[in-house]
Amino acid sequence: MAVRSDEELVAAALGGDTAAFSELAGRHRPRIERICQRFFSDPEIAHDIAQECFLRAYTALRTYRAEMPFSGWLRTIVVNLCYDELRRRRRRPEELVGDFSAPEVQWIQLVNQATPEDLVSAAEERREAHDLAHRLLDTLRPEDRMVLVLRDSEDLNVSEIARMLGWSEAKVKIRAFRARQALRKQAERMTAAAHSGKEP
Amino acid sequence: MNCFEARQDFPAFWRRSLASERRAELLAHLKSCAKCDRAFRTFALTAPVLYSAVEPQSRTTARPIARDARRTAAATRAGTDARRWFAMCASVTVIAAASFAAYLSVTAPVESLTDEFADNETAVQLFEQDLPGSNNDFGG
């Protein structure tokens, strides 16, 4: 049996075929969950937001227009859900950088000493590399983090991000610049704190 | 390869999608340029989230334990706060009730037994009927 395209499955789902929507959800779920994981370290939160994304997509399916790829439409929904959640759970940056576990300190030391190739391999195996990266990203303002993830992880350009978030292109550029600047500062603080064994 | 080109290649290098020739060029550049080497190490701190295709499933124990401890402490604090709040409300209620009772005892009109029966003819009659009998009991 031939694999049906996203658009065919959407049409079938609109005609009342719920199995077609399940197939769509199964097809896109890994990617949608991966986007959520770039914003939230807790897998439960990432899973819940992905679930909410498919719920919203199902209820708003009639508003979907085939000029846009279905995957892009879903991404817009999930990105906006992640943005809302980031704003809701915004924490103060000073709570986030400091208080490292022994594996995290080891990872920071490795980052400063290992060869670039060894670093790539080590990061794939170490959970603490992900945890620390999330803690660093958590220090950013929600809008800065949003721009950084969409630019760097999703490879979207400025105009695509601006359209997706309903911002001006200038705002996207400013946010990207500020995000990188803030991240560099926080990374330096984190490295210094890990080396001195004190909180920054 | 200049510094700008080198930094442009960081994501592809991290994703292992850089052509081998380009990869060798980048590694050579990082060895010779201290600024780019530092930039790469800063990049490596967030790359596991921003550029990795998958997250490692094995979770180190140190962070979850610390996190759980913090959550437990927060839950305990929340429970203690609730108990304190309840005790405070109970104390306020008791104090308010006692104050109200004291207020009533001071301000309510206190009538004597005579005042109570002054206008009550039946009571007066009963009183007058019973009194001699009672005296007789003691008189014998």
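The values are calculated or read from the model by the stated rules, or taken from the named source; none is laboratory data. Bear in mind that the values here come from a model prediction, so they are computed numbers and not experimental data. Cβ: placed from backbone, ideal geometry, glycine included. Neighbour counts: every protein chain shown.
A few points about this structure:
- Hits in segment A:133-146 - residues which are of a type in the set (A, V, I, L, M, F, W, C) and in a helix (DSSP H, G or I): A:Ala133, A:Leu136, A:Leu137, A:Met146
- Selection status of A:Asp99, within 11 Å of chain B (Cβ to nearest Cβ), of a type outside the set (Ser, Thr, Tyr), surrounded by fewer than 17 Cβ atoms within 10 Å (Cβ to Cβ) and under 22 Å from B:Arg41 (Cβ atoms): yes
- Residues in segment A:92-109 that are modelled with pLDDT of 60 or more and within 17 Å of A:Ser196 (Cβ to Cβ): A:Gly98, A:Asp99, A:Phe100, A:Ser101, A:Ala102, A:Glu104, A:Val105, A:Gln106, A:Trp107, A:Ile108, A:Gln109.
- Segment B:13-23 - residue that is within 11 Å of chain A (Cβ to nearest Cβ) and in a helix (DSSP H, G or I) and, of those, surrounded by the fewest Cβ atoms within 10 Å (Cβ to Cβ): B:Arg23
- Flag for A:Leu14 being farther than 30 Å from A:Ala187 by Cα and out of contact with any helix residue (DSSP H, G or I) (no Cβ under 7 Å at 6 or more places or on another chain): no
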